[in-house]
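Engineer: Dumping the structure here so I can ask a few things about it.
The values are calculated or read from the model by the stated rules, or taken from the named source; none is laboratory data. Everything numeric here is computed off the predicted structure, so don't read it as measured data. Cβ placement follows ideal geometry from the backbone for every residue including glycine, while neighbour counts extend to all protein chains displayed. Please note that ligands, DNA and RNA were not included when accessible areas were found on the heavy atoms of the full protein model with its side chains. Shrake-Rupley method; radii C 1.70, N 1.55, O 1.52, S 1.80 Å.
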Amino acid sequence: MRQCILIILMTLSFQLLPAQKYVFSGTVYDEKTHEALAQVNVSGSKANVSVVTNEDGFFILKTDVMPADLQISHLGYKTKRIKVSERNNDVMKIMLTPAAIQLKEVVVWTNDPEELMFTAIRKIPDNYSKQPILYNCFYRETAMKRQHHIYIAEGVLDMYKTSYKYNIGRDKVAIRKGRRLLSPKQSDTLGIKVNGGPVLPVFLDVVKNTELLLNAEELSKYNFTMEFPATINDRQQFVVSISPKIPQPYALYYGKFYIDRETLAFTRAELELDMSDQDKATNSMLVRKPAGVRFRPRELSCTIDYKYENGLTSISYIRNTFRFNCDWKRRLFKTAFTACCEMVVTDMERENVQPIRGRVTFDSRDAFYDKVDFFKDPDFWKDYNIIEPSESLDKAIGRLIKKYK
């Protein structure tokens with residue numbers, strides 16, 4: 001995990017894409033509760049593009065290739081496939097059905113979750129790409145002071161990953177296009193630097209970056225528990241939870257790993273930093289802060305999703321959330337802050353892939369704020385697949401732009 005400037009903002013390389021011929025949009029709901037579902041994966045077959053729904057369950061998918069159908073998948077729900085046609089202007093209302101778990105008669109791993117984890121680790125070279133891949137991604141980071149957005153930045157990234165047989169040393173990220181917005185109120189500005197930023201997709205890919213957690217030395221510090229199974233993309237999953245075994249000099253994680261029952265590939269990881277020791281948690285979250293500011297960590301959680309397709313599993317979505325309080329000496333009240341980074345893979349290239357080199361490479365010392373332009377063009381993302389802003393975020397963007405004007 002690397003660094004980003006949290007509430008300090010984003011030069012930009014502008015690139016036009018050909019206009020997208022087909023546009024599909026809709027909102028995804030739970031069939032029983034009728035509640036909107038966030039972070040649902042929506043992809044187009046043949047078109048090889050995908051997005052995720054926003055907090056309101058809404059998505060827009062753009063492609064220059066007519067897909068045979070749309071595939072909508074989410075943890076714990078049956079995957080839905082919708083036939084599409086060139087009449088693509090209607091906003092769809094999509095209902096997902098909760099998936100019933102049907103266990104097979106013989107469950108080989110139930111009694112030994114630790115063995116299951118290490119077997120899945122050994123199978124990483126078989127289950128993930130043996131060739132380099134260039135991913136096209138949409139990235140967004142936001143910061144809130146109490147209930148108000150004070151910083152929004154987003155961009156299209158290129159992410160180069162080598163074979164999963166190797167470590168992350170040559171994996172790189174470059175910004176293709178981006179924009180940012182910061183509250184002009186001086187009282188909203190907080191020069192705190194925390195772990196995160198556009199390099200998160202490289203360093204939080206726990207399956208490839210096994211030094212982070214999935215190695216024998218690190219896992220020896222955890223207890224393992226087999227949880228109730230789950231379904232992702234109509235595929236049954238083993239679920240293994242981990243919890244700290246004994247205190248360490250640094251903060252450990254609580255987490256769940258979803259492992260494909262058939263391939264034993266890691267499909268999803270949910271991690272939450274142990275906050276029981278505030279000093280250890282602070283050391284894991286905080287990079288730098290102004291003198292006189294007291295930093296109180298409340299939460300560091302992350303979700304990493306992988307998608308199974310054509311016999312291989314690849315990274316598809318990452319979300320990282322920080323919550324903390326800050327107060328100042330000689331001030332009575334503390335202030336709550338929330339920062340969130342999320343990235344979704346919208347497309348990928350497997351043929352004739354070249355490494356990302358030179359000045360375009362985003363470095364862990366760079367701030368996303370310094371790399372992109374101000375929010376000013378309403379058609380900025382016209383030809384790109386993005387995570388649509390939620391209603392609350394859309395209103396926040398409008399208010400911040402008015403303040404600038």
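Engineer: Just to verify a result, which residue in the range 181-209, among those that are closer than 18 Å to V372 by Cα and surrounded by 23 or more Cβ atoms within 10 Å (Cβ to Cβ), is modelled with the lowest pLDDT?
Structural biologist: Among those that are closer than 18 Å to V372 by Cα and surrounded by 23 or more Cβ atoms within 10 Å (Cβ to Cβ), it is G196.
Engineer: Can you say whether Q102 is open to solvent by 10 Å² or more (accessible area, probe 1.4 Å) and at pLDDT 90 or above, as far as the supplied structure shows?
Structural biologist: No.
Engineer: Under the condition of being aromatic (F, W, Y) and in a strand (DSSP E or B), which residue from the range 309-342 is modelled with the highest pLDDT?
Structural biologist: Per the criteria, the residue is Y317.
Yes/no matrix, rows are residues, columns are (1) outside any loop (DSSP other than H, G, I, E, B); (2) polar (S, T, N, Q):
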site	(1), (2)
T263	no, yes
E270	yes, no
M275	no, no
T282	yes, yes
A291	no, no
R296	yes, no
E299	yes, no
C302	yes, no
Y306	yes, no
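Engineer: Of all residues being over 8 Å from the mean Cα position of the chain (by Cα), among the hydrophobic types (A, V, I, L, M, F, W, C) and buried (at least 23 other Cβ atoms within 10 Å of the Cβ) in the range 291-321, which is farthest from R268 (Cα to Cα)? Just the residue, please.
Structural biologist: Looking at the filtered set, the residue picked out is L300.
Engineer: Further question on the same structure: Those residues that are open to solvent by 10 Å² or more (accessible area, probe 1.4 Å) and not aromatic (F, W, Y), I need them from the range 322-334; list them, please.
Structural biologist: Hits for the range 322-334 are R323, N325, D327, K329, R330, R331, L332, K334.
Engineer: Does T142 meet the test of being modelled with pLDDT under 95, surrounded by 13 or more Cβ atoms within 10 Å (Cβ to Cβ) and in contact with a strand residue (DSSP E or B) (Cβ under 6 Å, 6 or more places away or on another chain)? Full working, then the answer.
Structural biologist: Details: modelled with pLDDT under 95: yes; surrounded by 13 or more Cβ atoms within 10 Å (Cβ to Cβ): yes; in contact with a strand residue (DSSP E or B) (Cβ under 6 Å, 6 or more places away or on another chain): yes.
Judged against the criteria, T142 is a match.
Engineer: Is there any pair with a first residue in the range 213-230 that is open to solvent by 40 Å² or more (accessible area, probe 1.4 Å) and a second that is among the β-branched types (V, I, T) and modelled with pLDDT under 95 whose Cβ atoms are under 8 Å apart and which are 6 or more apart or on different chains, and what are they?
Structural biologist: Listed pairs, sorted by first residue: M226/T110; F228/I101.
Engineer: Can you name every one of the strands (runs of 3 or more DSSP E) wholly within the range 21-63 that holds 3 or more residues which are within 21 Å of E309 (Cα to Cα) and open to solvent by less than 60 Å² (accessible area, probe 1.4 Å)?
Structural biologist: Details: elements: 22-30, 41-44, 49-52, 58-63.
Once the strands (runs of 3 or more DSSP E) in the range 21-63 are filtered for at least 3 residues that are within 21 Å of E309 (Cα to Cα) and open to solvent by less than 60 Å² (accessible area, probe 1.4 Å), what remains is 41-44, 49-52, 58-63.
Engineer: May I pose another question? Being of a type in the set (A, V, I, L, M, F, W, C) and buried (at least 16 other Cβ atoms within 10 Å of the Cβ) is the filter; apply it to the range 354-379 and report the residue that is modelled with the lowest pLDDT.
Structural biologist: The qualifying residue modelled with the lowest pLDDT is A367.
Engineer: Only one of these is farther than 26 Å from R146 by Cβ, more than 17 Å from the chain's Cα centre (by Cα), modelled with pLDDT of 80 or more and not polar (S, T, N, Q): L219, L212. Name it.
Structural biologist: Exactly one residue qualifies, and that residue is L219.
Engineer: Okay, next question. Can you name the residue in the range 113-135 that is buried (at least 18 other Cβ atoms within 10 Å of the Cβ) and more than 23 Å from the chain's Cα centre (by Cα) and is also nearest to N215 (Cα to Cα) among such residues?
Structural biologist: L116
Engineer: Go through the range 247-258 residue by residue and tally those that are out of contact with any helix residue (DSSP H, G or I) (no Cβ under 8 Å at 6 or more places or on another chain) and part of a strand (DSSP E or B).
Structural biologist: Selection size over the range 247-258: 5.
Engineer: Given M343, M348, which one is among the hydrophobic types (A, V, I, L, M, F, W, C) and open to solvent by 20 Å² or more (accessible area, probe 1.4 Å)?
Structural biologist: Result: M348 is the single residue among M343, M348 that is among the hydrophobic types (A, V, I, L, M, F, W, C) and open to solvent by 20 Å² or more (accessible area, probe 1.4 Å).
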